[in-house]
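Visitor: Here's a structure for you.
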């Protein structure tokens, strides 16, 4: 596998976590009241993305395959929980 192919695989592996993090952070800006001490948009996306990648890696390790529907369900649940925690003011 070439370096370019490896990079392509890694980016495609992490893309669902990035998409979910971005959509959640933008939706939180529109629909939720920001709590005191809530981080900015870029920090919310970065933290939610990191949590999502951890979930995707755990799903890959547990099932041995990428792209399982259970892994994506866990991605949405964990990302939503992290985003809720961030927007409510995680330093309380």
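Since every read-out is calculated from the coordinates, none of them should be taken as a lab result. Keep in mind it's a predicted model, so treat the numbers as computed, not measured. Methodologically, a virtual Cβ is constructed for each residue, glycine included, from the backbone with ideal geometry; neighbour enumeration extends over all protein chains shown.
Visitor: If you average the C-alpha positions of segment 5-36 and of segment 52-72 separately, how far apart do those two centres end up, in angstrom?
Guide: 16
Visitor: Can I ask one more? What does the convex hull of the Cα atoms of the chain come to per residue, in Å³, rounded to a whole number? Could you put the intermediate results ahead of the total?
Guide: Working: hull volume 9.0 nm³, N = 92.
Taking only Cα atoms, the chain has a hull volume of 98 Å³ per residue.
Visitor: May I ask for the angle, rounded to the nearest 10°, between helix 69-87 and the longest principal axis of the chain, with both axes built from Cα atoms and the value confined to 0 to 90°?
Guide: The answer is roughly 30 degrees.
Visitor: Spin-label point model (7 Å from Cα, Cβ direction): what's the residue 76 to residue 63 distance in nm?
Guide: Inter-label distance under the simple model: 1.3 nm.
Visitor: Please report the relative contact order for the chain, taking Cα pairs under 8 Å with a sequence separation of at least 6, and give it as a percent rounded to a whole number. Before the final figure, lay out the partial values.
Guide: Numbers: 84 pairs, mean separation 36.5, N = 92.
In percent, rounded to a whole number, it is 40.
Visitor: If you split all Cα-Cα distances of segment 38-86 into 5 Å bins from zero, what percentages do you get per bin, shortest first?
Guide: Percent of Cα pairs in each bin: 4, 24, 29, 19, 12, 8, 3, 0.
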